[in-house]
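To keep things clear, I will list the structure first and then write my remarks on it.
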Amino acid sequence: MSWDDERPMSPHLQVYKLPLTANLSILHRGTGTVLFVGLILMVWVLAAGAAGSESWQSMHGFLSSWFGKLVLFGFTFSLYYHLCNGIRHLFWDIGKGLDLEDARKSGKLVIVASAILTLMTWLIA
Amino acid sequence: MAYCLGDDMKDLRSPLAKAKGLGTSGDASNDFWMQRITAFALVPLVIWFCFSITLLPHVSYEVLVNWLHLPFNAIMMVLIVIISFKHALMGMQVIFEDYIPTHDYRIAAILMTKFLSYFLMALGVFSILKIALGEQ
């Protein structure tokens with residue numbers, strides 16, 4: 001498959017108001033990409049610990065700063081959203097919930113669930 | 001060609017048999033399965049992991065070392081590093097295949113992501129084991 005040719009493309013994305021399900025679909029890829037960057041940071045954190053107490057201290061300085069906490073908060077929200085929406089995808093894969101109305105309902109459920117799970121995890125810990 | 005029960009029975013090959021071996025490198029159907037199997041495995045791991053992340057701002061070096069000396073924590077972390085990188089690199093490959101129109105750049109991005117992922121996987125597992133098996 002090659003897209004290198006010069007054929008015109010049909011108008012897309014910018015001329016439509018995206019429905020909720022489409023925005024959630026984009027957010028699934030968005031959080032997936034964010035999580036890939038998050039995984040790189042996770043290995044960085046682990047390597048800082050393996051390098052000894054001094055390097056952990058500077059890493060700990062970052063993790064306990066407001067910016068570090070914000071990064072961790074964003075990481076957990078991305079994890080929970082991708083997790084909840086991923087479960088939604090697994091149900092679709094076995095052929096359940098594919099109706100438009102069901103997909104809208106499960107989409108709303110995913111938003112609420114990931115928000116609650118994120119807040120609950122931070123409140124409990 | 002569409003296949004469903006009740007079709008004429010000239011073609012006895014199942015849909016799965018036809019899908020096997022497709023894709024540019026011959027393992028698209030395997031990637032499809034692996035993406036879902038790793039997703040399934042990550043469900044309990046990620047919930048546990050999220051709770052661990054929230055503790056990080058309060059973790060001193062001693063706490064970190066003691067925490068990873070517990071076999072359960074070290075094993076969970078190794079599983080998370082391996083399975084999540086495997087899942088992530090297949091996901092990134094799909095994104096690159098969808099959005100990078102130029103063949104050469106697309107292949108380069110996929111290969112670099114694979115090299116980077118396996119390197120970080122090894123570095124992550126090594127780091128966990130170094131702390132887990134080192135002095136307490």
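The values are calculated or read from the model by the stated rules, or taken from the named source; none is laboratory data. Given the structure is predicted, the values throughout are model-derived calculations rather than measurements. Don't worry about glycine lacking a Cβ; one is built from the backbone with ideal geometry, like all the others, and counts go over all protein chains shown.
Miscellaneous remarks
- Among the residues listed as B:68, B:55, the single one being assigned to a helix (DSSP H, G or I), more than 20 Å from the chain's Cα centre (by Cα) and crowded, with 18+ Cβ neighbours inside 10 Å: B:68
- Each residue in the range B:111-124 was checked for being of a type outside the set (Phe, Trp, Tyr) and surrounded by fewer than 18 Cβ atoms within 10 Å (Cβ to Cβ), and 6 pass.
Here's the yes/no breakdown for (1) at the interface with chain A (Cβ under 10 Å from one of its Cβ atoms); (2) acidic (Asp, Glu):
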site	(1), (2)
B:78	no, no
B:92	yes, no
B:99	yes, no
B:104	yes, yes
B:108	no, no
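- Taking the numbered list (1) surrounded by 14 or more Cβ atoms within 10 Å (Cβ to Cβ); (2) more than 10 Å from chain A (Cβ to nearest Cβ); (3) among the hydroxyl-bearing types (Ser, Thr, Tyr) in turn, residue B:61 passes all entries but (2).
- Residue identified as farther than 16 Å from residue B:49 by Cα and out of contact with any helix residue (DSSP H, G or I) (no Cβ under 9 Å at 6 or more places or on another chain) among A:88, A:7, A:29: A:7
- Check on residue A:122, out of contact with any strand residue (DSSP E or B) (no Cβ under 7 Å at 6 or more places or on another chain) and surrounded by 14 or more Cβ atoms within 10 Å (Cβ to Cβ): yes
- Condition check for residue B:121: more than 9 Å from chain A (Cβ to nearest Cβ), under 22 Å from residue A:79 (Cβ atoms) and assigned to a helix (DSSP H, G or I): no
- Looking only at residues in the range B:125-135 that are of a type in the set (A, V, I, L, M, F, W, C) and either under 22 Å from the mean Cα position of the chain (by Cα) or surrounded by fewer than 16 Cβ atoms within 10 Å (Cβ to Cβ) (or both), the one that is farthest from residue A:45 (Cα to Cα) is B:133.
- Taken across the range A:107-118, residues that are at the interface with another protein chain (Cβ under 7 Å from one of its Cβ atoms) and at pLDDT 95 or above do not occur at all.
- Residue match in the range B:99-107 (condition: in contact (Cβ under 8 Å) with a residue 24 or more places away in the chain and either loosely packed, with under 13 Cβ neighbours inside 10 Å or not β-branched (Val, Ile, Thr) (or both)): no
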